[in-house]
Amino acid sequence: MATDTSANTTLDAQLCFALHDASRAIAASYRRGLAPLGLTYSQYVVLLVLWEHGTVTMGRLCRELHLDSGTLSPLLQRLEERGRVVRRRRPEDERTVEVACTAEGDALREKALTVQRRVEAETGLDPGYLAELRSELQRLADRLRTADEPAATDSEPVTPTPCTTGPDEA
């Protein structure tokens with residue numbers, strides 16, 4: 001039986017699969033570099049937020065990472081058990097939990113930066129194109145997260161900003 005590939009139903013035609021495949025590949029690359037530091041990729045992104053913003057509330061960490069507290073709490077517990085972060089309740093409002101890096105967590109920053117640079121090099125992409133690609137993917141994620149909001153369905157479709165320098169154009 002012949003298959004109809006004109007309706008974009010082939011695996012290679014799916015944006016979702018291309019993003020999934022790229023995400024798995026880059027996460028594996030990070031995993032190779034982070035494992036010797038005793039970090040998972042998820043723990044690494046928690047530390048990125050703390051290195052950038054200092055002490056933050058659990059709510060802000062959830063928003064920054066697009067995670068719920070049920071997913072984030074076990075990550076923080078493992079980081080806290082290893083002495084990399086500390087959680088404490090705000091004295092003025094005990095409902096609010098703050099998260100901060102410890103000295104040991106801060107000490108991982110330079111080593112993690114080395115991993116980040118290695119992963120970026122492994123992509124084989126020009127740094128300018130990587131920045132453009134990252135921005136476009138962030139805009140895509142933002143559009144998809146808000147696609148179900150009433151204002152989003154009433155608006156005109158968004159025309160993406162074309163990437164001007166692809167990996168083969170540099």
Hand me the trypsin sites (Lys or Arg not before Pro) from the range 45-152 located in a DSSP loop with no more than 16 other Cβ atoms within 10 Å, in residue order please.
-> ARG82
Global form of the range 48-125, assessed from the alpha-carbon gyration tensor, a/c cut-off 1.5 | prolate
Looking at the range 1-106, which GluC sites (Glu not before Pro) are in a loop (DSSP not H, G, I, E or B) and have at most 10 other Cβ atoms within 10 Å?
-> GLU92
What part of the accessible area of the range 81-156, given as a whole %, is carbon or sulfur when the probe is 1.4 angstrom?
-> 50 percent
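The values are calculated or read from the model by the stated rules, or taken from the named source; none is laboratory data. The structure presented is a predicted model; accordingly, all values stated were derived computationally and were not measured. All Cβ positions, glycine included, derive from the backbone under ideal geometry; neighbour counts span all protein chains shown. The protein model used for the area step is the full one, side chains on, heavy atoms only, and it has no ligands, DNA or RNA in it. Shrake-Rupley method; radii C 1.70, N 1.55, O 1.52, S 1.80 Å.
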